[in-house]
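This report concerns only the one structure given below.
The values are calculated or read from the model by the stated rules, or taken from the named source; none is laboratory data. Here the structure is a predicted model, which means the values were calculated and not measured. Cβ coordinates were reconstructed from backbone atoms using ideal geometry, including for glycine residues, and neighbour counts include every protein chain displayed. The area values use the complete protein model at the heavy-atom level, side chains included, leaving out ligands, DNA and RNA. Shrake-Rupley method; radii C 1.70, N 1.55, O 1.52, S 1.80 Å.
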Amino acid sequence: MEKETIYILAIESSCDDTSAAVLSNKKVLSNITATQQIHEEYGGVVPELASRAHQQNIVPVVHQALNKANIDKKLISAIAFTRGPGLMGSLLVGTSFAKSLALGLNVPLIEVNHMQAHILAHFIEEQNDGSPEFPFLAMTISGGHTQIVLVKDYFDMEILGQTLDDAVGEAFDKSAKILGLPYPGGPLIDKYAKAGNPDAFPFPKPKVDELNFSFSGLKTSILYFIQRETAENPNFIDENLNDICASIQKTIVGILMDKLKKAVKQTGIKQIAIGGGVSANSEIRSALKAGEAKWGWKTYIPKFEYCTDNAAMIGIVGHLKYKQRVFTDQSISAKARYILDAQN
Ligand code: KG4
Ligand code: ZN
């Protein structure tokens, strides 16, 4: 039993989602996210537009989070916010807002690393699979990152491997763009793949050392393939969309699974947790669950709303830091390149 009830108000604004959440200890009372539609027509996130939209959204989103949680601002124990990594203009909005609010309410301020939060989201109460025990392997797969991390403790993490170029979410989104699908294309590839044949069009997997990843070569081979086929048949994409999506998805998920198997072999750790937007992908979810039966893995897949960017995951880190009394002062600034296993 925890003696004290800790209420954390958390803010996330690292990319194109403005999110605010209220947590009572490890329980999420509210988790409100305003997703910015404006980027769809540009085929990717436009940083300048993102920071403007954050500025418009942040006050109403925080209000809504407080209303839904049904608690008075005066009960808030601390304000947690995403310091980085992310887009500088976007981070600055959340950082400045969090600092002002902490000052106004006279409560501590807690800075959070976004990538750590994707991993520690597994400690939110009421996750489908419960919470992993230390040590475990975490694979963070999002639009900005692709990492395999050895998690020894809440704040003791070591990056074992990462992408050398594009993130896996970019591989999905850029492939989707080649097919003429809107941004973000990852969920659409997932959707069309369900009705397609994953063996219709084999794409080569990159050869990358150790536990690192590379996705830019795959994107190029998909581009050349589509150019070749549409030169012969202008309707090639329309006629084969499901099969193309299923083939792309099979290749990408295969790359992720190969590296995970290697990481398990290397560390002897069979507890695996995933995080980041791409963990919403249905194929990676079923491949991981299949790994439980095949190789004796225990896998942890976050609830859908805690996979993509959200403030609840920032809130759980806020809670864990609050318990250790790890606070930050008002001189802090946002950090666009914030390495996960850096001390500060
Ligand atoms: O974690 P996230 O919300 O933002 C970043 O920090 O990047 O991840 C967004 C990424 C996008 O690239 C999006 O296409 C991808 O997650 N994504 C998916 C799926 N849902 C979201 N990719 C594949 N399949 C999905 N179902
Ligand atoms: Zn993210």
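Below are the figures for this structure:
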item: Size of electric dipole in the range 1-82: Cβ of Lys, Arg +1 and of Asp, Glu -1, about Cα centre, debye, nearest 20; result: 480
item: Helical contribution to [θ] at 222 nm, DSSP H n ≥ 4, -39,500 (n - 2.57), averaged over the chain, rounded to 500; result: -13500 deg cm²/dmol
item: Selection from Thr251, Asn233, Met115 lying farthest towards where the dipole of the chain points positive, charges on Cβ; result: Met115
item: FRET efficiency estimate (nearest 0.05) - Cβ-Cβ, Leu49 to Arg337, R0 25 angstrom; result: 0.70
item: Accessible area, probe 1.4 Å, largest first, for residues Arg325, Arg285; result: Arg325, Arg285
item: Between the range 166-240 and the range 131-159, the Cα center-to-center distance that results, in Å; result: 27
item: Most fluctuating residue given options Ile222, Ile272, Ile248, as computed from a GNM of the chain linking Cα atoms under 10 Å; result: Ile222
item: Apportionment of accessible area to carbon and sulfur, the range 28-177, percent (1.4 Å); result: 49
item: Fraction of accessible area attributable to carbon and sulfur, the range 186-338 (%, probe 1.4 Å); result: 51
item: Choice from Gly315, Gly276, Gly180 with maximal GNM fluctuation in the chain (Cα, 10 Å cutoff); result: Gly180
item: Most mobile of Ser30, Ser13, Ser333 in a GNM of the chain (Cα contacts under 10 Å); result: Ser333
item: Accessible solvent surface per residue of the range 1-132, calculated while the other protein chains remain in place, 1.4 angstrom probe, Å²; result: 43
item: Rg over Rh, two decimals, the chain (C-alpha only, Kirkwood Rh); result: 0.99
item: Environment charge at Ile269 (Cβ cut-off 15 Å; Lys +1, Arg +1, Asp -1, Glu -1); result: +2
item: Whole-number percent relative contact order across the chain, with pairs defined as alpha carbons under 8 Å at least 6 apart; result: 25
item: Fraction of alpha-carbon pairs over 20 Å apart in the range 148-243 - percent; result: 46
item: Under 26 Å from Lys323, Cα to Cα: lysines that are on another chain or at least 8 residues apart; result: Lys3, Lys26, Lys27, Lys68, Lys73, Lys74, Lys99, Lys152, Lys303, Lys335
item: Solvent-accessible ranking of Val59, Val93, largest area first, probe 1.4 Å; result: Val59, Val93
item: Computed Rg/Rh of the range 107-168, alpha carbon atoms with Kirkwood Rh; result: 1.00
item: Heavy-atom accessible area per residue - the range 261-344, 1.4 Å, Å²; result: 46
item: Surrounding net charge for Asp190, when Lys and Arg each add one and Asp and Glu each subtract one, Cβ distance under 11 Å; result: +2
item: Net charge contributed by nearby residues that have their C-beta within less than 12 Å of Gly104 (K/R +1, D/E -1); result: +3
item: List Ser286, Ser331, ordered by accessible area with a 1.4 Å probe, largest first; result: Ser331, Ser286
